[in-house]
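Visitor: What follows is a structure written as structure tokens; I'll ask about it next.
The values are calculated or read from the model by the stated rules, or taken from the named source; none is laboratory data. All of these numbers come straight from a predicted model, not from anything done at the bench. Cβ placement follows ideal geometry from the backbone for every residue including glycine, while neighbour counts extend to all protein chains displayed.
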């Protein structure tokens, strides 16, 4: 709280009740506008949720709001159906594995590299770091065609490993950049002391750098996880049968109304997980977005 | 040892492909023949690709500015209230959802049928409040006494003067279309100095005589009846009762003609086709703004909170109005934050892909096309022309570089 706010609080405390009421009333229009806008922003997601609950006999024909006048239209059956649907459940598992792998691997590799860039002396270090950071400008589209051919030759097409490696490579430049800047803030004395005690660089990395870097690593992990979970472009290009959930839903879009009983619940499940992650770790999120624009 | 794995991945998955893609863009679709800049020429001559480029520039022109403006408005509104967290969460929530899922959500919102698409349902409610739709959607005259069509109104050929009784029979009305409060049709008494009449459903199950009001034939309530003069101008207007009767009192002169007004026949609202070729791009842009407004709001609100209160107070003490304070003090102090939001949006908008492919049905993807989508569709989505696809990717790359250069320069200045 700033001093100004504290002072404002004191002034309010001395204000007579009548004046307080008047002040609140004068703000009523702002509140009404905000409530209206807030609802406006919620309606689309709520709409998807209630659509996912619509009985399969009416979904694709009735509006989701009819569930309020006819609660009998609501059912959890659609969710039961997609949980029995092998294609959807295996797609969810694929997404989960790809997201976990594409979070741990790049962060671990980036931490190693960032440590080297921050604390190891070797010729051309700063130039190399600059080149790595410069790779941030390369859009994913630049890699799709050659990697597609490469994956076909290597047998990595349509595999979880192939997806993970692609996401890892494109997650690295930013992760290295962020972690190097974080690691460089670690006091030199700590490292010197460890080195004098005879600790190997590996030991220093695992015992000192990683624990100290945890805050930065955590926020990076959350952002990378959501990024990969939500990805469509990479998955659409390199997956066919081993498809993540976004691709599984995408393949249903061709007949939107007819497939709505699958699309709506599947889409809701696929967005529920990021929502949970988001609400659990809200504060790390905005920073990640600002930084993610360079991806 | 520390750098090895990372450099290997970067080399194989980013550096090598980038060079390959640039080379590939000068070769034909099979990759065997060098074609120079042919692919780039195609990029600027092919209709579909030109649409993509043009649309993407529209996106760049409109969306970042719009998102920044909305974020600013929301942030300023939030400053004035106390319990703002709920609102913040509501507006920011779409950010956590993937752009693809957001696309699915809006595909659902934009469905054309008002009984299904939320946006059109809302439009229908507003439209009904402003101009109620007519009682009948379709009807035909039951005899040749009536002429004209629903658009100009159905006119009774017979000329009328005071004391006349007009019978306007209609057929071709579905039972479900007959207003619920309709009663047995009645031919009204003649009225001295006035014109009376009846509008009814001239249809008796199992037969009956056309042009005659019979048992079991229902009057049509709520129908607009006009009295028109010689020149066809409407001089008086009334609506029918439950038994279909209507009355014009104090009629002078004449002759007149009775007509069923066109407002009776207005078609029910069929829904705006948001997902049609002409509206698809603005529709997707709106859904994109829905996603990103929260980001802009949160960043700008943080910027607002960082403005020293004393500065604003000083300006107010000097007699500046709230608007002046906002324009002369707040906005300039906020400029760096607004720039960050704007440039971030430029970069994201340049590469917009997921939401377009999700909202736009296959049939209008040519109209909704953007560069990233064109690149994917050309390379993998059926066309499978890697040469052209590579050229589009390089074009996108070239567009991203200047924006990022600005970003890096600004970043360096700040640090």
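Visitor: Going residue by residue through the range B:374-383, is there one that turns out to be modelled with pLDDT under 85 and surrounded by 17 or more Cβ atoms within 10 Å (Cβ to Cβ)?
Guide: yes
Visitor: Hey, another quick one. For the range B:316-332, does any single residue satisfy the condition of being in contact (Cβ under 8 Å) with a residue 40 or more places away in the chain, away from every other protein chain (no Cβ under 12 Å) and under 30 Å from residue B:198 (Cα atoms)?
Guide: no
Visitor: Still on this model: For the condition in a loop (DSSP other than H, G, I, E, B), crowded, with 19+ Cβ neighbours inside 10 Å and more than 14 Å from every other protein chain (Cβ to nearest Cβ), what is the one hit in B:199, B:225, B:251?
Guide: B:251
Visitor: Then there is this: Kindly establish whether residue A:176 is in contact with a helix residue (DSSP H, G or I) (Cβ under 7 Å, 6 or more places away or on another chain), in the same structural domain as residue A:138 (by TED's automatic domain parsing) and either surrounded by fewer than 21 Cβ atoms within 10 Å (Cβ to Cβ) or part of a loop (DSSP other than H, G, I, E, B) (or both).
Guide: When the stated conditions are applied, residue A:176 does not pass them.
Visitor: Sticking with this one: Given (1) away from chain B (no Cβ under 14 Å); (2) closer than 22 Å to residue A:129 by Cβ; (3) part of a loop (DSSP other than H, G, I, E, B), identify the lone condition not met by residue A:185.
Guide: Exception for residue A:185: condition (1).
Visitor: Also, quick follow-up: Look through A:112, A:144, A:92, A:163 and report the one residue that is surrounded by 15 or more Cβ atoms within 10 Å (Cβ to Cβ), under 24 Å from residue A:252 (Cα atoms) and facing chain B (nearest Cβ under 9 Å).
Guide: Testing whether each residue is surrounded by 15 or more Cβ atoms within 10 Å (Cβ to Cβ), under 24 Å from residue A:252 (Cα atoms) and facing chain B (nearest Cβ under 9 Å) leaves just A:144.
Visitor: Still on this structure: Only one of these is within 7 Å of chain B (Cβ to nearest Cβ) and more than 16 Å from residue B:8 (Cα to Cα): A:132, A:138. Name it. Walk me through it before giving the result.
Guide: Working: A:132 fails: more than 16 Å from residue B:8 (Cα to Cα).
Going through A:132, A:138 in turn, the sole match is A:138.
Visitor: What number goes with the only condition from (1) touching a helix residue (DSSP H, G or I) at 6+ places or on another chain (Cβ under 7 Å); (2) within 16 Å of residue A:98 (Cα to Cα); (3) surrounded by fewer than 19 Cβ atoms within 10 Å (Cβ to Cβ) that residue A:240 does not pass?
Guide: (1)
Visitor: Now for a separate question. Select from the range A:33-50 the residues that are within 7 Å of chain B (Cβ to nearest Cβ), more than 23 Å from the chain's Cα centre (by Cα) and in contact (Cβ under 8 Å) with a residue 12 or more places away in the chain and list them in ascending order.
Guide: none
Visitor: Separate question: Got at least one residue in the range B:9-22 being more than 30 Å from the chain's Cα centre (by Cα), in a helix (DSSP H, G or I), more than 30 Å from residue B:391 (Cα to Cα) and within 14 Å of chain A (Cβ to nearest Cβ)?
Guide: No, the range B:9-22 has no match at all.
Visitor: Working carefully through the options A:75, A:103, find the one that is under 26 Å from the mean Cα position of the chain (by Cα), away from chain B (no Cβ under 11 Å) and farther than 24 Å from residue B:90 by Cα.
Guide: The match here is A:103.
Visitor: Let me ask another. Take the residues in the range B:67-119 that are under 20 Å from residue B:333 (Cβ atoms) and facing chain A (nearest Cβ under 7 Å); name whichever of them is surrounded by the fewest Cβ atoms within 10 Å (Cβ to Cβ).
Guide: Taking the candidates together, the pick is B:80.
Visitor: Oh, and also: Would you pick out the residues in the range B:36-61 that are in a helix (DSSP H, G or I) and surrounded by fewer than 16 Cβ atoms within 10 Å (Cβ to Cβ)?
Guide: B:41, B:47, B:48, B:50, B:54, B:57, B:58, B:61
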